[in-house]
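Asks: One structure, pasted below without further comment.
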Amino acid sequence: LLSFSVEYNCLCVYKYIGVGRVQHALYGIVDDVVQATDQTGVLLAKQLFPLLWTIPIFPDNQTDWQLHREFSIFINEGRYVLIATKNIMAHSNIPRQYYLNFPDLYDDSDIFDFAFHLIDLQRGVISDVYRLRDYVFLSHNYGVSIAGNTIAILSRCRQCIDVLEVREGKFYVKYQVN
């Protein structure tokens, strides 16, 4: 089970123990019915899903970065999870040539600094980061596709597809489709 911290700067990884753990959690209760209270819910959640890792993605002082809550992709049979963070940039930082080459894209789109984090769920660490300055649709994973260990990231700004491969916990750029 994955969740983000309240501050949206950490990825929390929980291990599922199984429903048999509920029996241990409720041991000693002799009533036929267990009242559902906040305390009971917290107790059962902690018993069923103990915290395995808290993985800091970026420091608390980097408030201009945020985790993208609608994006996560599991890779290599669940060994890794790919998550994204983004940081909105000032339009003054965008090269003038971008405006000239793609004028219709800049009227209604903000350009972001994206960082795609490859999280090793077995070790509880960020194993690699791929950075990109662009606009990528991340909601419902629209702008990112995966087949096996190959990842394709669709760029709206540059109008291309970056194709990466994940090997041994690292990103390798295979090619770019223009």
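The values are calculated or read from the model by the stated rules, or taken from the named source; none is laboratory data. All of these numbers come straight from a predicted model, not from anything done at the bench. Reconstructed Cβ throughout: ideal geometry from the backbone, glycine too, with neighbour counts over all protein chains shown. Heads up: the accessible areas ignore ligands, DNA and RNA and are worked out on the full protein's heavy atoms, side chains in. Shrake-Rupley method; radii C 1.70, N 1.55, O 1.52, S 1.80 Å.
Asks: So how many residues does the stretch 43-80 have that are part of a loop (DSSP other than H, G, I, E, B) and exposed (fewer than 14 other Cβ atoms within 10 Å of the Cβ)?
Replies: Total satisfying the criteria: 11.
Asks: Output yes when any residue across the stretch 135-144 is part of a strand (DSSP E or B) and open to solvent by 30 Å² or more (accessible area, probe 1.4 Å), and no when none is.
Replies: No, that holds for no residue.
Matching residues to (1) out of contact with any Lys or Arg (no Cβ under 8 Å at 6 or more places or on another chain); (2) open to solvent by 40 Å² or more (accessible area, probe 1.4 Å); (3) closer than 21 Å to Tyr175 by Cβ; (4) aliphatic (A, V, I, L, M):
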| residue | (1), (2), (3), (4) |
| --- | --- |
| Ile111 | no, no, no, yes |
| Phe114 | no, no, yes, no |
| Ile119 | yes, no, no, yes |
| Gly124 | yes, no, no, no |
| Arg131 | yes, yes, yes, no |
| Ile151 | yes, no, yes, yes |
| Leu154 | yes, yes, yes, yes |
| Cys160 | yes, no, yes, no |
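Asks: Kindly check whether there is at least one residue in the stretch 19-38 that is at pLDDT 80 or above, surrounded by fewer than 15 Cβ atoms within 10 Å (Cβ to Cβ), in a loop (DSSP other than H, G, I, E, B) and not hydrophobic (A, V, I, L, M, F, W, C).
Replies: No - not one qualifying residue is present in the stretch 19-38.
Yes/no matrix, rows are residues, columns are (1) modelled with pLDDT under 70; (2) charged (D, E, K, R):
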residue: Gly41; (1), (2): no, no
residue: Trp53; (1), (2): no, no
residue: Pro59; (1), (2): no, no
residue: Ala84; (1), (2): no, no
residue: Asp104; (1), (2): yes, yes
residue: Phe112; (1), (2): no, no
residue: Ala115; (1), (2): no, no
residue: Val125; (1), (2): no, no
residue: Arg131; (1), (2): no, yes
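Asks: Report every pair of residues separated by at least 6 positions or lying on different chains whose Cβ atoms are under 9 Å apart, first residue within the stretch 1-13 and within 14 Å of Phe49 (Cβ to Cβ), second in a loop (DSSP other than H, G, I, E, B) and open to solvent by 20 Å² or more (accessible area, probe 1.4 Å).
Replies: Leu1/Lys15; Leu1/Tyr16; Leu1/Phe49; Leu2/Ser72; Leu2/Leu121; Cys12/Leu1; Val13/Leu1; Val13/Leu121
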